[in-house]
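Every number here is computed from the coordinates shown, using simple stated rules; none is lab data. Note that the structure is a prediction, hence the values are computed from the model and not measured. Heads up, the Cβs are rebuilt from the backbone with ideal geometry, glycines too, and the neighbour counts pull from every protein chain shown.
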Amino acid sequence: IIASDDPNPKVSGRGIEMMERAGIEVRTQVKKEEADALNRSFFHFIQKKEPYIRLKSAMSLDGKIATSTGESQWITGEEARKDGHHYRHQSDAILVGINTVLVDNPKLTTRIDGQGSHPIRIVLDTRLRIPPSAQLIQNQEAPTWIFVGKDVTQADIDAFKSYPHVEIIPMKDEKVRIEELVSYLGEQKVTSVLVEGGGTIADAFVRAGKVNETVTYVAPKLIGGKDALTPVGGKGVSQLKQVEAFKILSTEQVGDDIKIISVKREE
């Protein structure tokens, strides 16, 4: 019994043919929709040659991820935060921007006992501002890849040579371009990335059209304030016809919060 065909053209259908030639009855497309959902990131990687990008955020009922002063810990409850760590475990890499590192100083590990190795930790840091004292540098539980602009000097890069788990990766432009980043990660066989950065990083991925799925935790709280931060920053679109459209797959209560999973609508 086979649920989904392998999208890899090098192997797709060959196993079925071999079994049928051997006289084995084969049934296909059984529970296909459920199987496709389980393999969504792998199928995307095989077909697009780039990682599946999942954008995770936690916000209040009025769409705020922090107060106007930047306080964000914690909007959602402990159950939602624990649930979010399962997405880290399912991903090849976790990605944040340098501002998240400077403000929160995260480890970006999974914190799930007995769940194997930690994913690659990725930081977008155009000017290489990450301090050697950061936990992503001092903590060696997982590789840390730091993507920087082309103007960062070799001397600044060499300052991190004593940390074997840290790799500084210069991009071709002055800034880290999402399209180039995603292409590079695909070449490195990174099949899925969990984006946990703030509104600036989320905006960059949305504008590049590279968000494939969103995981949003909504807390029953009202923060208010026109200067309070939102999940996706930047200028936004000027017309509704320009929006990135998604399809809601599921909603689920996690503790006191609601989790909403959506996937990008394919044209």
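Work through the residues other than G224 whose Cβ is under 11 Å from its Cβ and net out their charges, Lys, Arg +1 and Asp, Glu -1. Don't skip to the answer; put the middle values down first.
Details: positive: K64, K221, K226; negative: D62, D227.
Cβ neighbours under 11 Å give a net charge of +1.
Can you tell which of P51, P170, P132 shows the greatest fluctuation in a Gaussian network model of the chain with Cα springs below 10 Å?
P132
Mind checking segment 159-267 for trypsin sites (Lys or Arg not before Pro) that DSSP puts in a loop (not H, G, I, E or B) and that have at most 11 other Cβ atoms within 10 Å? Working shown, then result.
Details: sites: K161, K172, K175, R177, K189, R207, K210, K221, K226, K235, K241, K247, K259, K264, R265; in loops: K161, K172, K175, R177, K189, K210, K221, K226, K235, R265.
Passing both the DSSP loop test and the Cβ count: K161, K172, K189, K226, K235, R265.
How about segment 77-183: which GluC sites (Glu not before Pro) there are in a DSSP loop, with at most 16 other Cβ atoms within 10 Å of their Cβ?
E141, E174
Considering only H85, T153, Q140, whose Cα is most displaced toward the positive end of the charge dipole of segment 49-264, charges sitting on Cβ of Lys, Arg (+1) and Asp, Glu (-1)?
Projecting each Cα onto the dipole axis, the largest value belongs to T153.
May I ask which of K210/K241; K82/K221; K48/K221; K82/K175 have a Cα-Cα span longer than 29 Å here?
Beyond 29 Å between Cα atoms: K48/K221; K82/K175.
What angle do you read, to the nearest 10 degrees and between 0 and 90, between the alpha-carbon axis of helix 178-187 and the longest principal axis of the chain?
50
Rounded to the nearest 5, what % of DSSP beta bridges with both residues in the chain are antiparallel?
Around 35 percent antiparallel, to the nearest 5.
Binning at 10 Å from 0, report for segment 49-264 what percent of all alpha-carbon pair distances ends up in each bin.
The calculated distribution, bin by bin, is 8, 33, 38, 18, 3.
What is the Cα centroid distance between segment 179-244 and segment 146-161, reported in whole angstrom?
After rounding, the separation between the Cα centres reads 26 Å.
Computed over the Cα atoms, what is the radius of gyration of segment 47-100 divided by 2.2 N^0.38 Å, N being its residue count?
1.36
Please report D151, D125 as a ranked list, fewest other C-beta atoms within 10 angstrom at the top and most at the bottom.
Fewest to most other Cβ atoms nearby, the residues stand as D151, D125.
I'm a student and want to see the number: the projected area of the Cα convex hull of segment 102-197, averaged over all directions, in nm².
6.5
What pairs in K150/K247; K172/K259; K64/K259 have C-alpha atoms more than 26 Å from each other?
Flagged as over cut-off: K150/K247; K172/K259.
If you put +1 on each Lys and Arg Cβ and -1 on each Asp and Glu Cβ, how big is the dipole of the chain around its Cα centre, in Debye rounded to 20?
Here the size comes out at about 340 debye.
Using amide H atoms built 1.01 Å from N in the peptide plane, name the residues 5+ places from F246, or on other chains, whose amide H lies under 5 Å from its own.
So F246 has HN proximity to R265.
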